[in-house]
Amino acid sequence: MPRPDTEAHAQPGFPEKIKAFRAGTVLTMVKDQPPLRDGVLITDQGRIQEVVSYQEAKKHSSLAIQDLGPSVLVPGLINAHTHLELSHLQGRTVAGRGFTEWVKSLISLPLKDIDRGTLEKVRGRLARNGTIGVGDISGHSPRTMLDFLSASGLFFRFFVEQIGFSQPPGKAVPGFKGLQPERHPELSPYGHALYSTHPRTLQLSKAWCREQRRPFVLHLAEHPGETELLATGRGAFAEFLKQGLLPESFAPPGLSPVAYADDLGLLDRNTLAVHLVQVSPADLAVLKARGVAACLCPRSNAYINVGRAPAEQFLDAGLPICLATDSLTSNSDLDLWSEAAFFARELQEDISLQDLVAMLTATPARALQLERYIGTLEKGKAACFSLIPEDLLRRLPLQ
Ligand SMILES: [Zn+2]
């Protein structure tokens, strides 16, 4: 998780010895700090020393300042929800026909075959678009992925999948598939979903995270089949699950996904709920009351064709929102700037550039408990940054 030894690296090609970066505007993303015009990010041995005006920086005569022109410099980006272990399967799933068809196509693929070459390409892609942190999910190749992430230079949280409907014995702790959570503070269990993981397993996983003070992740309220299954036990998705995963004896709780997750005690301010497409106003009130962070994956939802999250209502309610790409089995790339542009285009109200950038930086840093290291441009944090692409700036000018 902590990688504070890395040099400012989000823009490849800068000589390593350069320690200061001048930009037309710097957004530190520190609460209530206004944009700094003609600002300079000064770094020292891979950490941020300070953010000052160019006039101030010029007083340090020994400082070599790299001029980035009129760009807007922001903290390095954080992709709060990915499944990098599925990156070799890009373009091989069914698109646009709903969740059941998508997941059927997914599980017919060689899920465990992630290879080093693909992962190296992934690392390059993430660096190119300024991503320096991930919340990564693994169910199939946890050892390979933990080794990859540990050597990647990324800051990360790593979530090990809990799936299946067999009743866990007594007070069993979550399984980590041979990994040792006591040696790796970046590890957490993650509940795959309410329809795929025994409720007791979900509760034990959440309880473990609470005790260890680690974040918990859950795919929640992603698609209509999930809502129908939990409300009635019926539907095409239910029939599909009963072919293998879901026991015939499954008794639907008769609740919405959010209400059921709350009933199980899974929701609090250290839970990151991923997708949240099927959310009613009553559900939103629950999410808000519990302090849950929402992780929206709008391009994934569009790819699978499950609808879209009521983001306008989330914004009005002040729910913390992260934007993420999900995996390459439901997205065309891992580029968070493209995700942000898509989100802003779909939104039926205006959003400020600062609010959008927060969904890629400060908010996911808090949700993944990485804010000591990344998420804002503040003294002592990692000297990593990204530049807002020009096309996004043209559409959402800085206020
Ligand atoms: Zn996911």
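Quick note: the coordinates plus some simple rules give every number you see, no bench work behind them. Just so it is clear, the structure is predicted and the values come from calculations on it, not from any experiment. Positions of Cβ are backbone-derived with ideal geometry, glycine not excepted, and every protein chain shown enters the neighbour counts.
Using the alpha-carbon centroid of each, what span in Å lies between region 271-305 and region 352-395?
21
Where does region 77-373 land on the Kirkwood hydrodynamic radius, alpha-carbon pairs, in angstrom? Could you put the intermediate results ahead of the total?
Details: mean 1/r = 0.0524 Å⁻¹.
Every distinct Cα pair counted, the radius reaches 19.1 Å.
Work from the charge dipole of the chain (Cβ charges, +1 for Lys and Arg, -1 for Asp and Glu, about the Cα centre) and give the residue of Leu360, Pro110, Phe159 farthest towards its positive end.
It is Phe159.
Run the dipole for region 196-285 about the Cα centre, Lys and Arg Cβ at +1, Asp and Glu Cβ at -1, nothing else charged, and hand back the magnitude in debye, nearest 20.
Numbers: 8 positive and 10 negative charges, 78 e Å.
In total the dipole reaches around 380 debye.
How far is it, in nm, from the label point at Asn305 to the one at Gln167 when both lie 7 Å from their Cα along the line to the Cβ?
Each label point is offset 7 Å from its Cα along the Cβ direction, giving 4.1 nm.
For Lys381, give me every one of the lysines with a C-alpha distance below 27 angstrom, ignoring sequence neighbours fewer than eight places off in its own chain.
Cross-link targets: Lys17, Lys19, Lys31, Lys58, Lys59, Lys121.
Suppose every K and R has +1 on its Cβ and every D and E has -1 on its Cβ; what is the size of the dipole of the chain about the Cα centre, in Debye to the nearest 20? The partial results should precede the final answer.
Values: 42 positive and 43 negative charges, 159 e Å.
Charge dipole of the chain: 760 debye, to the nearest 20.
Helix-only mean residue ellipticity at 222 nm, the chain, DSSP H runs n ≥ 4 weighted -39,500 (n - 2.57), per residue, nearest 500. What is it?
Working: 15 runs with 125 residues, N = 399.
Helix contribution divided over all residues of the chain: -8500 deg cm²/dmol.
Region 210-237 to region 173-196: how many Å between their Cα centroids?
Centre-to-centre distance over Cα atoms comes out at 17 Å.
If the only charges are +1 at each Lys and Arg Cβ and -1 at each Asp and Glu Cβ, what is the size of the charge dipole of region 213-263 around the Cα centre, to the nearest 20 debye? Walk me through the numbers before you get to the answer.
Values: 4 positive and 7 negative charges, 46 e Å.
Dipole size: approximately 220 debye.
Which order do the peptides 57-68, 204-215, 189-200 come out in when sorted by mean C-beta neighbours inside 10 angstrom, highest first? Provide the component values of the computation, followed by the final result.
Numbers: 57-68: 12.8, 204-215: 17.8, 189-200: 21.9.
Highest mean packing first, the order is 189-200, 204-215, 57-68.
Projected onto the charge dipole of the chain (+1 at Lys/Arg Cβ, -1 at Asp/Glu Cβ, origin at the Cα centre), which of Gly380, Leu86, Val51 gives the Cα projection farthest towards the positive end?
Most positive-ward Cα: Gly380.
Multiply the residue gap between Arg395 and Glu312 by 0.36 nm, knock off their C-alpha separation, and tell me the result in nm, one decimal place. Walk me through the intermediate numbers first.
Numbers: separation 83, 0.36 × 83 = 29.88 nm, distance 1.85 nm.
Taking Arg395 through Glu312 to full extension adds about 28.0 nm, to one decimal.
Among the lysines, which fall within straight-line cross-link reach of Lys171, defined as a Cα-Cα distance under 19 Å, with same-chain neighbours fewer than 8 residues apart omitted?
The qualifying lysines are Lys206.
I want to verify the translational diffusion coefficient of region 115-259 in µm²/s; compute it with Stokes-Einstein, Rh as the Kirkwood radius over Cα pairs, at 20 °C and 1.002 mPa s.
Translational diffusion coefficient: 128 µm²/s.
Straight-line reach from Lys379: which aspartates and glutamates have a Cα under 19 Å away, not including same-chain ones fewer than 8 places off?
Asp5, Glu7, Asp32, Asp38, Asp44, Glu50, Glu56, Glu371
Can you give the convex hull volume of the alpha carbon atoms of region 276-399 per residue, in Å³?
120
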